[in-house]
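Beneath this line is the structure, given in C-alpha cells, with notes to follow.
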Amino acid sequence: MEKIRITLPDQSVREFQSGVTGIEIASSISRSLEKEALAVSVNGKVRDLNLPVTSDSSLRIITFDSDEGREIYWHSSSHIMAQAIEELFPGTRFGAGPAIENGFYYDIDSPHSFTPEDFSKIEEKMKEISRRELDIRRRELSRDEAISFFKSTRPDPYKVEILETTIKEDDTVSVYNQGGFTDLCTGPHLPNTGRLKAVKVLSVSSSYWRGDASRQVMQRIYAITFPKQSLLDEHLFQLEEAKKRDHKKLGKQLNLFMFSPLVGRGLPVWLPNGTIVRRTLEAFLRDELLKRGYVEVITPHIGNLDMYRTSGHYPYYSESQFAPMKVEDEEYLLKPMNCPHHHQIYSNQPRSYRDLPLRLAEFGSVYRFEQSGELNGLSRVRGFTQDDAHIYCTHDQLKSELINAIELTQLVFKTFNMPVKTRLSFWDPENKDKYAGSPEMWEQSQQEILEVAQDMGLDYFIGMGEAAFYGPKFDFIVKDAIGRKWQLGTVQVDYVMPERFGLEYVGPENTKLKPVIIHRAPFGSMERFLSILIEHFAGNFPTWLAPVQVAVLPISDVFNEYAASVEKELAAAGIRVRLDLRNEKIGYKIRDWETQKVPYMAVIGGKEAESGSVAIRQHGQGDKGALPVSEFVQKLSSEIASRSLN
RNA sequence: GCUGGCAUAGCUCAAUCGGUAGAGCAACUGAUUUGUAAUCAGUAGGUUGCGGGUUCGAGUCCCAUUGCCAGCUCCA
C-alpha cells in the first residue's frame with residue numbers, strides 16, 4: 001500500500017499508510033493525545049478524526065484547548081443534547097443548534113414547555129448517551145436525498161427548510177448519525193459520544209425561527225459541556241463570580257442608584273453615593289478635555305422637530321425616539337442626540353479657518369425609546385448622559401484631531417486598567433443605500449481612518465457594515481477584570497452633517513469651505529460606563545472614585561472627641577470621610593464598613609489618641625499599622641490625585 | 001414589542017395538600033465602653049406588586065395588569 005508523509009506542527013514528518021485516520025495518527029504520537037483528540041486540521045481544513053487521509057499533508061490534532069476544538073466539542077454536544085431531548089420528549093422538532101462563545105444552544109419546537117426542572121433530566125440523559133459510547137458517523141448524500149430523508153424517514157420541517165433555502169446551492173450535503181439520531185450538519189464532529197464528560201444545562205428562553213418575529217416561536221435551550229468535571233466546576237464558579245459583580249445588585253447594596261416604576265422604566269435615578277462616583281468621573285474627563293483645547297457648552301433637553309428633520313435623524317430613527325410633542329403650532333422632540341444642537345452653536349457666528357478646530361463638549365442627556373424588553377439596569381436605559389463632543393475642523397486638521405480624540409479615550413481605558421482593541425467600523429459596500437454621502441467620501445474617510453490607526457500603532461481590526469449612517473468610526477472594545485468584552489467609546493468621522501446643516505468657514509483664500517466633524521465619546525454613556533465600571537471593580541472602587549474614602553472608627557466613646565478631630569482634618573484636605581460614633585464594638589463597625597467597600601478605615605483607640613495617629617485598615621487587606629494623621633492625609637491625597645488603582 | 005420565568009417586612013429568604021403570614025440582618029429602645037469582619041435583651045415592622053375571579057376559606061388555583069430577570073428582535 002502507498003505511503004504518505006504527514007507533517008506535524010513541530011515540523012517533524014512521519015510516514016503512514018495512505019488511508020490512515022486522524023485518530024490513528026494521534027494514537028501514534030501518544031496515548032494522551034489519542035484521548036484528547038477531537039478532530040484534525042488537514043492542510044488547514046478541519047475534519048472528522050475518523051476520515052482517511054490519502055495524500056501528503058500537514059496535519060494538526062485539534063483538542064479542547066483551542067477555539068476550534070471547543071467549537072467542535074460544543075457543536076457535537078448540541079447534537080447529543082438534541083438526541084437526549086428527542087428521547088425524553090418525542091415529537092420535538094429541531095431548528096438550529098450551534099456552538100457559541102461559552103457553550104451551545106439548540107432551538108427546538110416541542111409540545112413540551114421546558115422549565116429548569118427538566119434540566120437535570122436532560123443532563124442525565126446526555127450522560128447516559130455518553131456512556132453508550134455511540135460512534136458519530138458522517139454520511140454524504142445528495143440534497144434531494146436529504147430532503148426526502150427529512151420529509152419521510154425523519155420528519156423535520158425545519159431541516160427541510162434549511163435544505164430548500166439556505167443551502168439550496170449545494171448539490172451534496174452531509175448528515176451526522178449517532179445511535180438513532182441523525183442531524184443535518186456540515187461538521188466536523190467528535191468521533192464518539194463518549195467524549196462528553198461533564199454537562200450543565202444552563203437556561204431556557206425563547207427565540208424565533210431564523211430570528212424572524214413573524215415566524216414560529218422556538219424554545220432555546222442553553223448548555224455547556226466539558227471533557228473534565230473540574231473544567232465545568234471552574235466555569236460554574238466563574239459564572240457565580242460574574243453574578244456577584246452584577247451592577248444592579250451592587251448598585252442596590254452600595255446605594256448608588258435606583259429605579260422606580262413611578263419615575264418610569266429605564267430611567268435611572270442617581271442616589272447620593274452614585275452621584276459622587278459619576279460627578280468624579282465627569283470631573284476627571286472635564287479636566288482632560290480642557291487640557292486638550294475643548295470648550296464646554298450646555299444645550300436644552302428638547303429640540304424643534306425641524307432640526308431633526310434637517311439632520312436626517314427624524315423620521316429615520318423615529319421608532320427609537322419618544323414621540324414628538326406638540327406645543328402651540330410647533331413640534332418638539334425629546335433630544336435623542338446632542339449633535340444638531342452643537343451644530344447650531346457652530347453656525348451661531350461666522351467661522352474662520354483661524355477659529356478651527358472648534359471642540360464643543362457637553363455632558364448631554366438624551367432620551368431614546370428602547371423597546372421594553374431591551375431595558376437592563378444601567379446598561380440599557382431610556383434616558384442617559386453622553387460624554388459628548390463635536391470637533392469641527394478643516395480637512396487638513398482631521399488626522400491630528402482624530403489622534404487627539406483617540407489619545408483621550410486611550411487615557412481613559414488606561415486609567416481603569418482595561419485592555420482595549422480598536423474596531424475600524426466601515427460601511428457595508430454591498431448595501432450602499434443605507435448610508436448618506438458619496439462613495440468617494442466613504443472611500444476617502446475610511447482610508448484616513450486606516451492611516452491614523454496605523455500611524456498610532458493601534459491594535460485594530462476592521463468591522464465591515466459597522467459604520468454609522470453618516471460616516472465610518474473607531475470603536476473601542478475593552479476587556480474588564482474578568483475578561484468580558486464591552487464596546488465602549490467611539491470616535492466618528494462625519495462629512496454628512498456639515499452638508500445638511502450648511503456649516504461652513506471662511507478659508508485663507510476668502511472662500512467658503514465645509515468643515516469636517518468628529519463625533520466622539522470616550523465613555524459613551526455615563527450610565528452604561530458606570531455599569532461596566534461597577535462590575536469591573538466588583539464595587540470596590542479605587543479611592544479616588546469611592547463615595548466614602550475613609551471611615552473613622554473610635555473603639556469606644558471615650559475617643560469620640562479625638563476621632564472628630566481626625567475627621568475634621570481629613571475633610572479639610574477634601575477627603576470624603578465618615579465618622580462612625582455608633583455605640584458598637586469595633587468588630588461590628590469594621591464589618592459594616594467592609595461590606596460597604598470603603599477603601600480605608602481609621603481605627604482610633606487610646607494609643608492613637610495619645611500619639612496623634614490613626615490605625616489604618618485597608619479594604620480587603622486588613623490592618624496596615626498606625627500612621628500619624630498628617631501622613632495619612634498626605635498618603636490619601638496623593639493616592640487620590642494620581643487616581644491610583646491601589 | 002415577542003417568548004418564558006419571577007414578584008412575601010428596608011434587605012436576604014421561609015410558609016406542607018388551599019386552612020391563624022414567619023426567620024435572620026437592618027431600624028428603634030435599653031443595657032454594655034468595647035482593639036481589627038456580627039455584644040446582649042426588648043420593641044416595632046405586612047392590603048403577600050396592583051385589580052378582578054373560583055372557594056366556607058387564597059401568599060398558594062384562574063384571569064387581567066404593572067415591574068423585574070433571561071433570551072429574541074433592535075441599537076444614530
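Just so you know, all these numbers are worked out from the coordinates, no wet-lab data involved. It should be emphasised that the depicted structure is a prediction, and the values quoted were computed from it without experimental measurement. A quick note on method: Cβ atoms are made from the backbone with ideal geometry, for glycine too, and the neighbour counts reach across all protein chains shown.
For a 26 Å ceiling on Cα separation, which of these pairs sit above it: A:K252/A:K291; A:K127/A:K249; A:K249/A:K479?
In this structure, A:K252/A:K291; A:K127/A:K249 exceed 26 Å between Cα atoms.
Could you please state, rounded to a whole Å, how far the C-alpha centre of region A:419-463 is from the C-alpha centre of region A:335-385?
22 Å
Which order results if A:R220, A:R500 are arranged by neighbouring Cβ count within 10 Å, fewest first?
Final ranking by Cβ density, sparse to dense: A:R500, A:R220.
Explain nothing, just compute: Karplus ³J(HN,Hα) = 6.51 cos²θ - 1.76 cosθ + 1.60, θ = phi - 60°, for every residue of region A:490-500 in order, whole Hz, x for Gly and Pro.
Taking θ as phi minus 60°, the curve returns 7, 10, 10, 9, 9, 9, 8, 4, x, 5, 5 Hz for region A:490-500.
Please list, by residue number, every one of the trypsin sites (Lys or Arg not before Pro) in region A:127-179 that is coil in DSSP and has at most 14 other beta-carbon atoms within 10 Å.
Of the trypsin sites (Lys or Arg not before Pro), the ones in loops of region A:127-179 whose Cβ has at most 14 other Cβ atoms within 10 Å are A:R132, A:K168.
Whole number please: convex hull volume per residue, Cα atoms of chain A, in Å³. Spell out each step's value before the answer.
On the way: hull volume 154.4 nm³, N = 646.
Cα-based convex hull of chain A, divided per residue, equals 239 Å³.
Dipole magnitude of region A:556-646 about its Cα centre, charges +1 at Lys/Arg Cβ and -1 at Asp/Glu Cβ only, in debye to the nearest 20?
340 debye
Just how large is the dipole of chain A about the Cα centre, in debye to the nearest 20, putting +1 at every Lys and Arg Cβ and -1 at every Asp and Glu Cβ?
Numbers: 79 positive and 90 negative charges, 274 e Å.
Roughly 1320 debye, rounded to the nearest 20.
Suppose R0 equals 41 Å. What FRET efficiency, 1/(1 + (r/R0)^6) with r the Cβ-Cβ distance, do A:D459 and A:I29 give to the nearest 0.05?
So, using R0 = 41 Å, E works out to roughly 0.70.
Summing +1 for each Lys or Arg and -1 for each Asp or Glu, what net charge is found among the other residues whose Cβ lies under 12 Å from the Cβ of A:D459?
That sum, taken over residues with Cβ under 12 Å, equals +3.
Filter the trypsin sites (Lys or Arg not before Pro) in region A:312-376 to those in DSSP coil with at most 16 other Cβ atoms within 10 Å of their Cβ, and list the result.
Details: sites: A:K326, A:R351, A:R354, A:R359, A:R368; in loops: A:R351, A:R368.
Sites meeting the loop and neighbour criteria: none at all.
For a test of the definition: using alpha carbon positions, the gyration tensor, and the 1.5 limit on a/c, classify region A:570-646 as rounded, prolate or oblate. Mind showing how you got there, number by number?
Numbers: a/c = 1.66, a/b = 1.20, b/c = 1.38.
Since a/c reaches 1.5 but b/c is at least a/b, the shape of region A:570-646 is classed as oblate.
Classify region A:3-63 as rounded, prolate or oblate from the Cα gyration tensor: take a ≥ b ≥ c as the square roots of its eigenvalues, call it rounded if a/c is under 1.5, otherwise prolate when a/b beats b/c and oblate if not.
It is rounded, given that a/c, with a ≥ b ≥ c, falls under 1.5.
Under a straight-distance cross-link criterion of Cα-Cα below 24 Å, which lysines are reachable from A:K607, leaving out those fewer than 8 residues away in the same chain?
By straight Cα distance, A:K607 reaches A:K568, A:K585, A:K589, A:K624, A:K635.
Listing A:L290, A:L256, A:L356 from the residue with the fewest other Cβ atoms within 10 Å to the one with the most, what is the order?
A:L290, A:L356, A:L256
Under 1.5 on a/c is rounded, so check that first for region A:445-580, then, if it is not, pick prolate when a/b is larger than b/c and oblate when it is not; a ≥ b ≥ c are the square roots of the alpha carbon gyration tensor eigenvalues.
prolate
First select every other residue whose beta carbon is under 11 angstrom from the beta carbon of A:V42; then total the charges, Lys and Arg +1, Asp and Glu -1.
Every neighbour counted, the sum reads +1.
Do the alpha carbons of any pairs in A:K168/A:K197; A:K414/A:K473; A:K45/A:K151; A:K326/A:K434 sit beyond 28 Å of each other, and which pairs? The partial results should precede the final answer.
Details: A:K168/A:K197 36 Å; A:K414/A:K473 21 Å; A:K45/A:K151 31 Å; A:K326/A:K434 30 Å.
Beyond 28 Å: A:K168/A:K197; A:K45/A:K151; A:K326/A:K434.
Using each residue's phi in region A:526-536, evaluate 6.51 cos²θ - 1.76 cosθ + 1.60 at θ = phi - 60° and report the 3J(HN,Hα) Karplus result to the nearest Hz, with x for Gly and Pro.
Karplus-based 3J(HN,Hα) across region A:526-536 equals 4, 5, 5, 4, 4, 4, 6, 5, 4, 6, 4 Hz.
Net charge around A:L581, counting only other residues with Cβ within less than 12 Å of its Cβ (Lys, Arg = +1; Asp, Glu = -1)?
Computed value for this residue: -2.
Could you pull out every residue, at least 5 positions away or on a different chain, whose amide H is within less than 5 Å of the one on A:I302? Hs are placed 1.01 Å off N in the peptide plane, and Pro or chain starts have none.
A:K335
Just to check I understand the Karplus step: with θ = phi - 60° and J = 6.51 cos²θ - 1.76 cosθ + 1.60, what whole-Hz values come out for region A:258-266, glycine and proline as x?
Rounded to whole hertz, the list is 8, 10, 9, x, 6, 5, x, 5, x.
Mind checking which of A:S365, A:C339, A:Y316 is farthest towards the positive end of region A:287-377's charge dipole, using Cβ charges of +1 (Lys, Arg) and -1 (Asp, Glu) about the Cα centre?
Among A:S365, A:C339, A:Y316, the one farthest towards the positive end of the dipole of region A:287-377 is A:C339.
Give the angle, between 0 and 90 degrees and rounded to the nearest 10, that separates the Cα long axis of helix A:229-244 from the longest principal axis of the Cα atoms of chain A.
Long axis of A:229-244 versus the principal axis of chain A: about 30 degrees.
Within 10 Å of each candidate Cβ there may be at most 15 other Cβ atoms; applying that plus a DSSP loop requirement, which GluC sites (Glu not before Pro) in region A:424-510 survive?
A:E430, A:E509
By count of other Cβ within 10 Å, fewest leading, how are A:S130, A:S531, A:S630 ordered?
Sorted ascending by nearby Cβ count, the order is A:S630, A:S130, A:S531.
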